[in-house]
1. Would you mind working out the magnitude of the charge dipole of the range 39-161 relative to its Cα centre, with +1 at each Lys and Arg C-beta and -1 at each Asp and Glu C-beta, to the nearest 20 Debye?
2. How many percent of Cα pairs in the range 98-199 exceed 20 Å?
3. Could you compute the net charge surrounding D125? Neighbours are other residues with a C-beta less than 14 Å from the C-beta of D125; K and R count +1, D and E count -1.
4. Suppose each label sits 7 Å from its Cα in the direction of the beta carbon; what would the S58-M182 distance come out to in nanometres?
5. To the nearest whole percent, what portion of all C-alpha pairs in the range 127-186 is separated by more than 16 angstrom?
6. Tell me the accessible surface of F47 in square angstrom (1.4 angstrom probe, heavy atoms of protein chains only), to the nearest ten.
7. Under 1.5 on a/c is rounded, so check that first for the range 21-172, then, if it is not, pick prolate when a/b is larger than b/c and oblate when it is not; a ≥ b ≥ c are the square roots of the alpha carbon gyration tensor eigenvalues.
8. Report the label-to-label distance for R24 and R123 in nanometres (one decimal), using points 7 Å from each Cα along the Cα→Cβ vector.
Amino acid sequence: MIPSANRLPRWWHVLVPARGSVARASDRLQAGLVLMVLLAALAAVPFSAAAGSSVYASQQAVSARELADYAPVTATLLADGPPVSVSGRSGAAGSPVPTDATWHSADGVRHVGKVDAIEGSHRGDTVPIWVDRAGVVVDPPLSAAAAVVNAVAAAAGLLFAGWLGLALLYGIAVFALNRHRMGKWQQEWFAIASRKTRS
């Protein structure tokens, strides 16, 4: 027979020992634990998917609200940005630095404040920013793609955490069962040794 075909009956006998088998009570308990862990792992999939769907719905609502309340505008720098500097072996430029700038909100009101300017920028350069209805600088709104990514990450993270927890619980249970079996073997070995010394 094909070797892979032999594995199915062998795994089935491991998971569900027959009544006439030499399996001990601890073996049957471990087989039951395997079945419970597998069923729980399968049940975690739709649960995680439902949680991810809930996260997506809430993130989508946040994205829609921010897209409605925020507007992109162009700010003009009132001062030079930070000087150009290269940090580390990668040769990457440093992070943007808050710099004085001015911009107009949707209602035409002029605002002055700090915006992030990249290194090497000069006074008079323009910087794209997002502002709320009051003209205050805000972070860019949550995009639809980011909402999907966050939902998928939440579902995958929850599923991984659930599977990891099940694996840890199963490992602890198997460790305890192995200690129990080792103790039984020791008792049997001592009993056999004592019988030999008496004879």
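1. Its charge dipole is roughly 200 debye.
2. Counting every Cα pair in the range 98-199, those more than 20 Å apart make up 71 percent.
3. Residues near D125 contribute -3 overall.
4. According to this spin-label approximation, the distance is 4.5 nm.
5. Numbers: 1240 of 1770 pairs.
Result: 70 percent of Cα pairs exceed 16 Å.
6. Per-residue accessible area (F47): approximately 140 Å².
7. On the way: a/c = 6.50, a/b = 2.45, b/c = 2.65.
The shape class here is oblate.
8. 8.5
The values are calculated or read from the model by the stated rules, or taken from the named source; none is laboratory data. Given the structure is predicted, the values throughout are model-derived calculations rather than measurements. Here Cβ is always computed from backbone atoms with ideal geometry, including for glycine, and neighbour counts include all displayed protein chains. Quick note on the areas: whole protein, heavy atoms, side chains included, nothing else; ligands and nucleic acids left out. Shrake-Rupley method; radii C 1.70, N 1.55, O 1.52, S 1.80 Å.
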